[in-house]
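The values are calculated or read from the model by the stated rules, or taken from the named source; none is laboratory data. Everything numeric in this text was worked out from a predicted model, so none of it was measured. A quick note on method: Cβ atoms are made from the backbone with ideal geometry, for glycine too, and the neighbour counts reach across all protein chains shown. The accessibility values were calculated without ligands, DNA or RNA, using every heavy atom of the protein model including side chains. Shrake-Rupley method; radii C 1.70, N 1.55, O 1.52, S 1.80 Å.
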Amino acid sequence: MAEKRKRRSIFDLIREYEEELEELRQGLVLPPLEHPSWNIRECTLEPLCSIFVSSKEVIVTADLPYAKPDSVKIEPINNERLEITAEMKRKVRFEELGIIHHEGEFSTFSCQVNIPVPFDVEHMKTRFKHGVLEVRLPRKRGYRIPVE
Amino acid sequence: MLSHRDHNPLNIIFFTFLVEGKLKGTPLKTAKVIEREPVSSGAIMVHGLPDVGLVGVIAASHLIAELNMVEMAYLDSDALPPVAVLHEGLPHAPMRIFGDTNLLATISEMPIPANGVQLLMNTLLDWGLSKSPKLTVSIGGMPVQNRQDIDAPKVFGVASHANLLELLEKKGITVLREGYMVGPQAIILRYCAEKNMPAIALLAQSFYNYPDPEAAAAALKEFSNITGIKVDVTKLLEKGEEIRLRARDVMKRTQQELTKMKKTQEYDLPLYV
């Protein structure tokens, strides 16, 4: 196939300018340092997690394939952070994942999740289905501003 | 277009330098498909590209393994990060096309960069057009918030032409009537509609940001239903947990690119005037 090369119009330049400006804007907020999704010293894998904040609650989910349902633990570390841990049904070695330049095996999942709003851990509800953990945390309310 | 907040002197100076730099010959990004083997015309072309739940990638990967398809071509572009994927000690391009005489499958082992998606997809589709595919099938996910409660993901269909919508309905697939599509699939459908290439997209209910092999299996079943190409998904379902474990890192990086593509627009209610 022939290489694609188009004549650039002013609109292309503006679009590219906007994209580069957007990248610069995004760069102003420092992204967290990238790190592997595993910790060989602690034999842990970091699961994929997500947070959804609604008007009434915060829903945290974590994808925990191979996790033993009865080993899943959710612990508040402080007022802003939850720790999720779970044991795996079996140990997974790097070799099984096709990697031979690292050595080690994993037996647990572990991650910490920042919760962006105050939450009530006492009334937390959890469920584990299809290997996905769901944690529902009611939001703590301060005061309401009366509407006149 | 530029908003009012961009019209400050610093932005204008920055823009001037940028335009000047570009006019002075900053090279444009390029892309091309390189064929390793002769590719026959008239095949069914499947696209399994990183998107929500990695449904397309997982489905295409299973299809390639199950039907023993071989690498026929790859996409080379400086719009992709400088990445080589090692398999059996040898370097490969992250976006490759596998195939046999009747079927071609495009797969990407890394997310498609949001700022290169148009170029990469158009290049791939231009190449596809030159092979006169019998049908282009794009496999993907449709994120649903209650995915955890769904035991058998439903597959929805979209098509480039009205007669294909009829085919989807005849095969028992619910057609998406209104809404937005964002990302590689949107480009595929619009391109195929414009160039009069028959194309459908099969979208299985899936997690947004967790790899979803069950959704991939559901999409593959409908793929078989439409094309008549038999694909056994038993192994895919058996290896579901292993796939979810392996796909974590690709999923995480794909999510970052989907955010840049404003993928959540698919949740938006459409406005028709």
Checklist entry - Does any residue in the stretch A:121-135 that is more than 8 Å from chain B (Cβ to nearest Cβ) come within less than 6 Å, Cβ to Cβ, of a residue that is outside any strand (DSSP E or B) six or more places away or on a different chain, and which pairs are these? => result A:Phe128/A:Pro69; A:Phe128/A:Val72; A:Leu133/A:Leu64; A:Leu133/A:Val72
Checklist outcome for this item: Of the residues in the stretch B:128-150, those that are crowded, with 22+ Cβ neighbours inside 10 Å and either at the interface with chain A (Cβ under 10 Å from one of its Cβ atoms) or assigned to a strand (DSSP E or B) (or both) number 9
Checklist entry - Among the listed residues B:Ser61, B:Ser41, B:Ser77, B:Ser108, which satisfies the condition of being more than 30 Å from B:Leu245 (Cα to Cα) and at pLDDT 90 or above? => result B:Ser41
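Confirm whether A:Arg141 is basic (Lys, Arg), free of Cβ contacts under 8 Å to residues at least 40 places away in the same chain, within 14 Å of chain B (Cβ to nearest Cβ) and open to solvent by 70 Å² or more (accessible area, probe 1.4 Å).
Against the criterion (basic (Lys, Arg), free of Cβ contacts under 8 Å to residues at least 40 places away in the same chain, within 14 Å of chain B (Cβ to nearest Cβ) and open to solvent by 70 Å² or more (accessible area, probe 1.4 Å)), A:Arg141 does not qualify.
Within the stretch B:182-273, considering only helices (runs of 4 or more DSSP H) that don't extend past its boundaries, which have at least 3 residues that are closer than 21 Å to B:Leu103 by Cα, in contact with a Lys or Arg (Cβ under 8 Å, 6 or more places away or on another chain) and more than 14 Å from chain A (Cβ to nearest Cβ)?
Working: elements: B:184-194, B:213-227, B:234-238, B:240-246, B:248-260.
Answer list for the stretch B:182-273: B:213-227.
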Checklist entry - Only one of (1) within 14 Å of chain B (Cβ to nearest Cβ); (2) more than 19 Å from the chain's Cα centre (by Cα) fails for A:Gly104. Which number is that? => result (1)
Checklist entry - Among the residues of the stretch B:46-83 satisfying the criterion of being of a type in the set (A, V, I, L, M), open to solvent by 20 Å² or more (accessible area, probe 1.4 Å) and assigned to a loop (DSSP other than H, G, I, E, B), which is farthest from B:Asp126 (Cα to Cα)? => result B:Leu67
Checklist entry - Cβ-Cβ below 8 Å, separation at least six or inter-chain, first residue in the stretch A:79-90 and farther than 13 Å from A:Thr44 by Cα, second open to solvent by 40 Å² or more (accessible area, probe 1.4 Å) and among the hydroxyl-bearing types (Ser, Thr, Tyr): which pairs? => result none
Item to check | Evaluation of B:Gly53 against (1) at pLDDT 95 or above; (2) touching a Ser or Thr at 6+ places or on another chain (Cβ under 8 Å); (3) more than 14 Å from every other protein chain (Cβ to nearest Cβ) (one fails), failing number | outcome: (3)
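Rundown of residues vs (1) part of a loop (DSSP other than H, G, I, E, B); (2) at pLDDT 95 or above; (3) at the interface with chain B (Cβ under 8 Å from one of its Cβ atoms), yes/no style:
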| site | (1), (2), (3) |
| --- | --- |
| A:Ala2 | yes, no, yes |
| A:Glu18 | no, no, yes |
| A:Leu21 | no, no, yes |
| A:Leu24 | no, no, no |
| A:Gly27 | no, no, no |
| A:Ala62 | no, yes, no |
| A:Ile77 | no, no, no |
Item to check | Out of A:Pro32, A:Pro69, sole residue that is within 14 Å of chain B (Cβ to nearest Cβ), open to solvent by 80 Å² or more (accessible area, probe 1.4 Å) and modelled with pLDDT of 90 or more | outcome: A:Pro69
Next on the checklist: Quick check on my filter: what residues within the stretch A:68-121 are touching a Ser or Thr at 6+ places or on another chain (Cβ under 8 Å) and either on the phi > 0 side of the Ramachandran plot or basic (Lys, Arg) (or both)?
Outcome noted: A:Lys73, A:Lys91
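Just to check your reading of the model, which residue among A:Arg81, A:Arg90 is surrounded by fewer than 18 Cβ atoms within 10 Å (Cβ to Cβ) and under 30 Å from B:Gly89 (Cα atoms)?
On the way: A:Arg81 fails: under 30 Å from B:Gly89 (Cα atoms).
Sole residue among the options that is surrounded by fewer than 18 Cβ atoms within 10 Å (Cβ to Cβ) and under 30 Å from B:Gly89 (Cα atoms): A:Arg90.
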Next on the checklist: I'm told A:Phe94 meets every condition in (1) under 19 Å from B:Arg147 (Cβ atoms); (2) touching a His at 6+ places or on another chain (Cβ under 6 Å) except one. Can you identify the failing condition by its number?
Outcome noted: (1)
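Would you pick out the residues in the stretch B:162-205 that are among the polar types (S, T, N, Q) and under 13 Å from the mean Cα position of the chain (by Cα)?
B:Gln185 - this is the single residue of the stretch B:162-205 that is among the polar types (S, T, N, Q) and under 13 Å from the mean Cα position of the chain (by Cα).
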Checklist entry - With (1) modelled with pLDDT of 95 or more; (2) surrounded by fewer than 23 Cβ atoms within 10 Å (Cβ to Cβ) as the list, and B:Gln265 as the residue in question, which single condition is left unmet? => result (1)
Checklist entry - What residue, among those in the stretch B:106-118 that are surrounded by fewer than 20 Cβ atoms within 10 Å (Cβ to Cβ) and hydrophobic (A, V, I, L, M, F, W, C), is nearest to the other protein chains (Cβ to nearest Cβ)? => result B:Ala114
Checklist outcome for this item: Filtering the stretch B:30-45 down to residues that are closer than 26 Å to B:Val117 by Cβ, open to solvent by less than 50 Å² (accessible area, probe 1.4 Å) and more than 9 Å from chain A (Cβ to nearest Cβ) yields B:Val39, B:Ala43, B:Ile44, B:Met45
Next on the checklist: Restricting to the stretch B:151-194, name every residue that is polar (S, T, N, Q) and surrounded by 15 or more Cβ atoms within 10 Å (Cβ to Cβ).
Outcome noted: B:Ser160, B:Gln185
Checklist entry - Of the conditions (1) more than 19 Å from the chain's Cα centre (by Cα); (2) surrounded by fewer than 17 Cβ atoms within 10 Å (Cβ to Cβ), A:Val117 fails just one. Which one is it? => result (1)
